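> First the structure, then my questions, so here it is.
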Amino acid sequence: MSEKPFNEPRIALSRIYTRTGDRGSTALVGGQRVSKDSRRIEAYGTVDELNSFFGSAILSAAEHSATQHLAAILTRIQHELFEVGAELALPGYRKIDAEHVRALEAELDGLNAALPPLEEFVLPGGNRAAALCHVARTVCRRAERRACAAAKLHPLNAEMLRYLNRLSDLLFVMARRLAREGGAHEVLWRRQT
């Protein structure tokens with residue numbers, strides 16, 4: 001069954017529960033019912049989880065004046081992540097484009113330029129904000145894997161898939177910057193003897 005383009009909806013929820021999913025299915029926006037374990041649902045559910053971790057990382061980064069500019073970047077991306085989730089939930093909906101990917105690459109290049117080259121693997125930690133970005137990075141990688149799996153069954157926006165790939169790289173660099181700018185240090189892996 002081919003997917004039709006979907007016009008941008010206005011959402012108004014008057015009631016949160018509907019009881020329509022009690023038997024293991026849910027509706028995509030537009031009404032099509034699918035299993036709750038479908039690849040598309042897994043993908044946008046993971047993006048929703050990622051967006052939740054973004055909320056925690058933003059709050060943590062905003063606590064320190066030295067990292068508030070990083071919190072602002074995360075906040076902008078959090079809104080874009082909502083569009084990523086919408087693309088996965090709305091067959092035919094497209095919002096993420098090459099300019100979004102280029103913007104992530106520009107942020108990535110700018111933040112990475114101020115960091116020393118890596119000589120060891122970085123372990124998640126350093127401070128709370130950095131650790132939360134590392135968690136977000138790993139969830140982002142899972143969201144990308146889920147979206148790639150869904151793309152095998154449904155036509156998905158290739159720019160959205162590239163966006164998730166660049167975003168996980170940006171979160172790694174962001175975690176490094178947060179660890180250093182927040183007054184802590186990166187936790188480097190030490191080979192066990």
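> Does segment 68-80 include one or more residues that are of a type in the set (Gly, Ala, Ser), more than 20 Å from residue 137 (Cα to Cα) and either modelled with pLDDT under 85 or in contact with a helix residue (DSSP H, G or I) (Cβ under 8 Å, 6 or more places away or on another chain) (or both)? Walk me through how you get there before you give the answer.
If we filter segment 68-80 for residues that are of a type in the set (Gly, Ala, Ser), which is where we start, we get 71-72.
With more than 20 Å from residue 137 (Cα to Cα) added as a condition, the list becomes none.
No - not one qualifying residue is present in segment 68-80.
> Would you check if there is a residue in segment 37-54 being of a type in the set (Val, Ile, Thr), part of a helix (DSSP H, G or I), surrounded by fewer than 18 Cβ atoms within 10 Å (Cβ to Cβ) and under 15 Å from the mean Cα position of the chain (by Cα)? Quick ask: steps written out before the conclusion?
Restricting attention to segment 37-54, the residues satisfying the condition of being of a type in the set (Val, Ile, Thr) are 41, 46-47.
Imposing the further condition that a residue be part of a helix (DSSP H, G or I) reduces the set to 41, 46-47.
Filter once more, keeping what is surrounded by fewer than 18 Cβ atoms within 10 Å (Cβ to Cβ): none.
No, because not a single residue in segment 37-54 is of a type in the set (Val, Ile, Thr), part of a helix (DSSP H, G or I), surrounded by fewer than 18 Cβ atoms within 10 Å (Cβ to Cβ) and under 15 Å from the mean Cα position of the chain (by Cα).
> Then there is this: Evaluate segment 160-178: report whether one residue or more is in a loop (DSSP other than H, G, I, E, B) and more than 15 Å from residue 54 (Cα to Cα). Working first, answer last.
Of all residues in segment 160-178, those in a loop (DSSP other than H, G, I, E, B) come to none.
Among the residues of segment 160-178, not one is in a loop (DSSP other than H, G, I, E, B) and more than 15 Å from residue 54 (Cα to Cα), which makes the answer no.
> Taking the conditions exactly as written (on the phi < 0 side of the Ramachandran plot, part of a helix (DSSP H, G or I) and among the acidic types (Asp, Glu)), does residue 119 satisfy them or not? Show your work before the answer.
Details: on the phi < 0 side of the Ramachandran plot: yes; part of a helix (DSSP H, G or I): no; among the acidic types (Asp, Glu): yes.
No.
> Would you point out the residue of segment 65-84, among those that are farther than 18 Å from residue 99 by Cα and out of contact with any Lys or Arg (no Cβ under 9 Å at 6 or more places or on another chain), that is surrounded by the most Cβ atoms within 10 Å (Cβ to Cβ)?
The first filter runs over segment 65-84 and keeps only residues farther than 18 Å from residue 99 by Cα, leaving 65-72.
Pick out the ones that are also out of contact with any Lys or Arg (no Cβ under 9 Å at 6 or more places or on another chain) and you get 65-66, 68-69, 71-72.
On the way: 65: 8, 66: 13, 68: 11, 69: 12, 71: 18, 72: 13.
In this case the residue turns out to be 71.
> Can you say whether residue 171 is within 19 Å of residue 72 (Cβ to Cβ) and either surrounded by fewer than 19 Cβ atoms within 10 Å (Cβ to Cβ) or in contact with a Lys or Arg (Cβ under 8 Å, 6 or more places away or on another chain) (or both), as far as the supplied structure shows? Full working, then the answer.
Values: within 19 Å of residue 72 (Cβ to Cβ): yes; either surrounded by fewer than 19 Cβ atoms within 10 Å (Cβ to Cβ) or in contact with a Lys or Arg (Cβ under 8 Å, 6 or more places away or on another chain) (or both): yes.
So residue 171 passes the test.
> Filtering segment 59-85 down to residues that are under 13 Å from the mean Cα position of the chain (by Cα) and free of Cβ contacts under 8 Å to residues at least 24 places away in the same chain, which residue is farthest from residue 108 (Cα to Cα)?
Among those that are under 13 Å from the mean Cα position of the chain (by Cα) and free of Cβ contacts under 8 Å to residues at least 24 places away in the same chain, it is 83.
So that you can scan it fast, the table gives a plain yes or no per residue for (1) over 26 Å from residue 177 (Cβ atoms); (2) at pLDDT below 95; (3) touching a strand residue (DSSP E or B) at 6+ places or on another chain (Cβ under 7 Å):
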residue	(1), (2), (3)
39	yes, yes, no
45	yes, yes, no
66	no, yes, no
84	no, no, no
90	yes, yes, no
99	no, no, no
109	no, no, no
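> If you go through segment 123-140 one residue at a time, how many are crowded, with 17+ Cβ neighbours inside 10 Å and closer than 18 Å to residue 43 by Cβ?
Residues meeting the conditions: 4.
> In addition: Of the residues that make up segment 138-156, is at least one of a type in the set (A, V, I, L, M) and over 18 Å from residue 88 (Cα atoms)? Don't jump to the end; show me each part of the working.
So the first thing to find is which residues in segment 138-156 are of a type in the set (A, V, I, L, M), and the list is 139, 143, 147, 149-151, 153, 156.
Subset that is over 18 Å from residue 88 (Cα atoms): none.
No: segment 138-156 contains no residue that is of a type in the set (A, V, I, L, M) and over 18 Å from residue 88 (Cα atoms).
> Checking the condition of a type outside the set (S, T, N, Q), without any contact (Cβ under 8 Å) to a residue 40 or more places away in the chain, surrounded by 13 or more Cβ atoms within 10 Å (Cβ to Cβ) and closer than 28 Å to residue 158 by Cα, which residue from 89, 103, 113 passes? Step through it out loud before you land on a result.
Numbers: 89 fails: without any contact (Cβ under 8 Å) to a residue 40 or more places away in the chain; 113 fails: surrounded by 13 or more Cβ atoms within 10 Å (Cβ to Cβ).
Answer to the selection: 103.
> Testing residue 185 on (1) over 22 Å from residue 57 (Cα atoms); (2) modelled with pLDDT under 90, one condition comes back false. Which one is that?
Status for residue 185: all satisfied but (1).
The values are calculated or read from the model by the stated rules, or taken from the named source; none is laboratory data. This is a predicted model, so every value here is computed, not measured. Every residue, glycine among them, receives a Cβ derived from its backbone with ideal geometry; neighbour counts consider all protein chains shown.
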